[in-house]
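Below: one structure, written as structure tokens.
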Ligand code: LMR
């Protein structure tokens, strides 16, 4: 029965980690996957997470099933973080949130839900986008198209192309947008450009689906969430997937959420009942631990402050690495000033596939597209990376 099955291609991002793990070179460097490492090259265990876990251990609780939609305290805290505590969509009970298995799980719930209720719609993702976006929506049964986004010549956004593509989409099309810290390019829209995008999406009758996996890694928690609030203020429909993998350094706990904004409280209740069906038929209900940790941090004022400070520390260190990257390459005669202007964990470095392969031969791993994770650079490995890049340029 299985004899005719072909080998599937390696995942473009996690496949790099597989190759990295198999490399026996002690000095190997993984700039592939989007994971934040501290200056010692370690994935941090945040103090706010440790303190929340101490609180949870002090009050042992049985591991019964969570409700299908997840922990109530978590869903509420997520809504307040994503939309703002004073948001009209929360006060009017027009927003519904389900705990999800990471940001990917949230996207999958949203995709399956949309396929049930908008089966003929097509999905549009940015060109380029996170590698898994296309695969995820295709696996839910959608035709997935690109809209213009990145301009390789300027290392910025091809805004005229983007707006033209948005205007050409049929009403009811689903548009996947990165709320902040665009993955993979690191090129975000300006506030004025967002105003135009939001207006075009509203007037064109398009359905925005905002993916926010990097809140807090751009300008700040509130600043990065601003776009979600502006979309919510248009009244919906709106879907938002968010993840705490990076912002809480809780990658393996798979903590994310999907929020949907409806036109009325009644519509929201019906939406929630359908989202629960999607969850129930995929994995029944979410795991407990990560949701409890995040809810405890977000609702305990001292821990919340600690989290904000720790996240700010990660954000600042990434910016320092960007600056060092630019300066060190400049010292070798290469102009990478654009890396300074990019935002979030990633840089679309402009390195081509052949150059990335040459780097891999030196045990430095990046995505084939030239995306590098700036958050994996540190004061110990940056010179090795710079020397290797200078060599392949
Ligand atoms: C990435 O883009 O590297 C991260 O979002 C991790 C992943 O799942 O691909």
The range 62-196, relative contact order in percent, only Cα pairs under 8 angstrom and at least six apart counted:
19
Out of 191, 363, 249, any idea which swings most in a Gaussian network model of the chain, alpha carbons joined below 10 Å?
191
Using Cα pairs under 8 angstrom and six or more residues apart, how large is the relative contact order of the range 65-299, in percent?
31
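Which of the peptides 336-345, 153-162, 6-15 is most tightly packed, and how do the rest follow, judged by the mean count of other Cβ atoms within 10 Å per residue? Walk me through the numbers on the way to the answer.
Working: 336-345: 19.6, 153-162: 15.8, 6-15: 11.3.
Result, highest mean Cβ count within 10 Å first: 336-345, 153-162, 6-15.
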Cα centroid separation - the range 72-92 against the range 120-139, whole Å
27
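How many percent of the alpha carbon pairs in the range 65-299 exceed a separation of 28 Å? Working shown, then result.
Numbers: 6548 of 27495 pairs.
It works out to 24 percent of all Cα pairs.
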For the range 140-184 and the range 277-344, what is the centre-to-centre distance using only Cα atoms, to the nearest Å?
23
Would you mind calculating the relative contact order of the chain from Cα pairs under 8 angstrom and at least 6 residues apart, reporting the percent as a whole number?
26
Under a plain spin-label model, where a point goes 7 Å from the Cα along Cα-to-Cβ, how far apart in nm are residue 145 and residue 64?
4.9
Within the range 215-239: backbone nitrogen closer than 18 Å to the residue 308 label point (7 Å, Cα to C-beta):
215-227, 229
Once both axes come from the Cα atoms, what is the angle between helix 47-58 and the longest principal axis of the chain, in degrees from 0 to 90, rounded to 10?
50
Need the full-extension length gain, residue 5 to residue 25, defined as separation in residues times 0.36 nm minus the C-alpha distance. One decimal, nm.
3.9 nm
Rank 224, 188, 335 by mean-square fluctuation in a GNM of the chain with C-alpha springs under 10 angstrom and give only the top-ranked residue.
335
Tell me the angle of helix 382-392 to the major Cα principal axis of the chain, expressed in degrees between 0 and 90 and rounded to the nearest ten.
70
Measure nothing fancy, just the Cα-based angle from helix 301-331's long axis to the longest principal axis of the chain, in degrees from 0 to 90, nearest 10.
30
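All of the numbers you see were taken from the coordinates with simple rules; none came from a lab. None of the values given here were measured: they were computed from a predicted structure. Positions of Cβ are backbone-derived with ideal geometry, glycine not excepted, and every protein chain shown enters the neighbour counts.
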